[in-house]
Amino acid sequence: MRAGRLALAVVAAAMMAAGLGCDFLTEGEDSRGEDSCTPECSGRECGGDGCGGSCGNCSSGQSCVSGVCEEGESACEPECSGKQCGDDGCGGVCGGCGEGQVCDYLDQCVSADQGTVDGDLFFEARVPTVDDNGSIVLDQVSEFPGAGMLAMVFDVQGNVVGGAQVDDQGHFTVPLSRPPSEDDTLLFVTVWAPSLQSDIAPLAVGQSDAGGQAAPGNIVPWAWQVATPPDGYVGSVTITEDQGSGAIYLFLFTKLAMQTILWDILGGDESGLATLAIVWTPGLAWDCGACFGKGFTQNMDGTVFDNSIFISGEASDSSAWGWAVILHEFGHYVARNYSRDDSPGGSHSLGVPVVPPFAWSEGWASFFAVSTMSRWFGEAVPLYWDIQQGSSFWVDYAQMTSSGDMVAPDPDGGMEQSLDENWVAAALWDLWDGNDVPETESPQDGTALGTEVVIAAVATPRFLGGDRGATGADLVDFVDSVVCGAPSLAESVVGTLIEHLGFPYEGEPDCGN
């Protein structure tokens, strides 16, 4: 067993041995028929079928994206070394298993006759709605499939006897190394690695025994235990809000965000992923509300995570359900590990200008949240929102409107003036949209940088080491980096910034710095 698989197994085994999981079993009607795994290819023309097989392959010049063949070669390099089946890391599969076989957690085809544990996983989540007063509330509970969760089966001694990931529809089939036993335990755990054969496990969602000051500490990963029947079929399992389903919501959002970074920034090199722990416990709040900390290490049974995101567990806050806040804090993780962030930190609020590096840090994080969500949906989602101590606010970056005030810069105030963080996020949105998603504002600004240009700009030597305008990384340094890195876009970018957004940008940066 390689180090990565061993790390996952140790974490999960420690959870079970300590009895810290939530024990439950939801009975489900057995409708399996003769085959315990039914291939699911509805609406899919490529990629996996959920049973170790393939729904099809794309033709030359196409790539598989979320089960659909799209024009254009993928920048992703499939990784199938040593695999007979399973995910290739690029939306496809490494091969299909034959009749009577299933793909195990080591990505090998094994006989289904050895036994499987299978069923369906769902979880409850609160969905934001708007009440009659125009406030954002979280009073609607919906059920979603636990797509992407890790399902592992242990014997009574705590040995791993099988593992698999839950598919897009919530179904899981865990091949075992021998027939299932009523002494086995199925465990769902909020730990992620790029594949079940990875050498690292860069992401975990854990709970702490205390809130208060955000700081390094010890966490326990969220996990849920299900007793395994002798025939291995556990039916439909639903993790409720009272059982901590918020941890799954946090896990799935940050997992998708980390996968985005893996390909957008690292080109698939998983060794470059900086480890991250999400710390959330229902009922416990942090002094920062929600915040990111680099170097705030979390120890999880001997596994150390070098970065932390702290999320309030108070019911009066957006808590685990605030996707915009979750992705905002992840945006700070991106800046601190793969770009530059010189924010002095401190309190900040809607409509209050702050020094440029502070405004850039917070504006970048909010822009990252809405642009990432928009890319996932394939359409513009420029709305940022949060609920704090029972009060909500929202900002529409496309329309530059909000439930409070948004302060525009002074056209005569110079490049070092203090800026509204939400105005910075709106400016980034204006410069970015029109490529990955259609422009929504009217009149349109005519600039469409797209994610590739934006990501490249925040990682250039000019942005990482230069200073023009205020001291510290800010909007001016970002625009300089775009102009220097993509001269053909300079006229459009500068025009949008000055004429459309009213910022007094002084052109012609020194691109040698």
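Annotations
- Within region 120-160, tally of residues that are closer than 19 Å to I387 by Cα and in a loop (DSSP other than H, G, I, E, B): 5
- Looking only at region 482-513, and only at residues there that are in contact with a Cys (Cβ under 9 Å, 6 or more places away or on another chain) and assigned to a helix (DSSP H, G or I), the one that is surrounded by the most Cβ atoms within 10 Å (Cβ to Cβ): V483
- Answer residue from region 188-224, given it is surrounded by fewer than 21 Cβ atoms within 10 Å (Cβ to Cβ) and part of a strand (DSSP E or B) and is farthest from the chain's Cα centre (by Cα) among those: G212
- The set of residues in region 91-103 that are in a loop (DSSP other than H, G, I, E, B) and modelled with pLDDT of 70 or more comprises G92, C94, G95, G96, C97, G98, E99, G100.
- Verdict on S391 being among the hydroxyl-bearing types (S, T, Y), within 26 Å of the chain's Cα centre (by Cα), farther than 22 Å from M373 by Cβ and in the same structural domain as A365 (by TED's automatic domain parsing): yes
- Once region 307-362 is narrowed to residues that are acidic (D, E) and more than 20 Å from L464 (Cα to Cα), the residue that is surrounded by the most Cβ atoms within 10 Å (Cβ to Cβ) is E329.
- For region 157-174, the count of residues that are surrounded by fewer than 18 Cβ atoms within 10 Å (Cβ to Cβ), of a type in the set (S, T, Y) and either over 20 Å from G246 (Cα atoms) or more than 21 Å from the chain's Cα centre (by Cα) (or both) is zero.
- Of all residue pairs spaced 6 or more apart or on separate chains, those with beta-carbon atoms under 8 Å, a first member in region 239-263 that is over 21 Å from D120 (Cα atoms) and a second member that is at pLDDT below 95 and of a type in the set (G, A, S) are L262/G268; W263/A75.
- Residue within region 392-399 that is outside any helix (DSSP H, G or I), over 22 Å from W263 (Cα atoms) and without any contact (Cβ under 8 Å) to a residue 24 or more places away in the chain present: yes
- Within region 104-121, tally of residues that are at pLDDT 90 or above and either surrounded by 20 or more Cβ atoms within 10 Å (Cβ to Cβ) or among the small types (G, A, S) (or both): 4
- Helices (runs of 4 or more DSSP H) (entirely within region 408-469) containing at least 2 residues that are under 15 Å from E499 (Cα atoms) and touching a residue at least 12 places away in the same chain (Cβ under 8 Å): 421-432
The values are calculated or read from the model by the stated rules, or taken from the named source; none is laboratory data. Keep in mind the model is a prediction, meaning the values are calculated, not measured. Glycine gets a Cβ as well: all are built from the backbone with ideal geometry, and neighbour counts include every protein chain shown.
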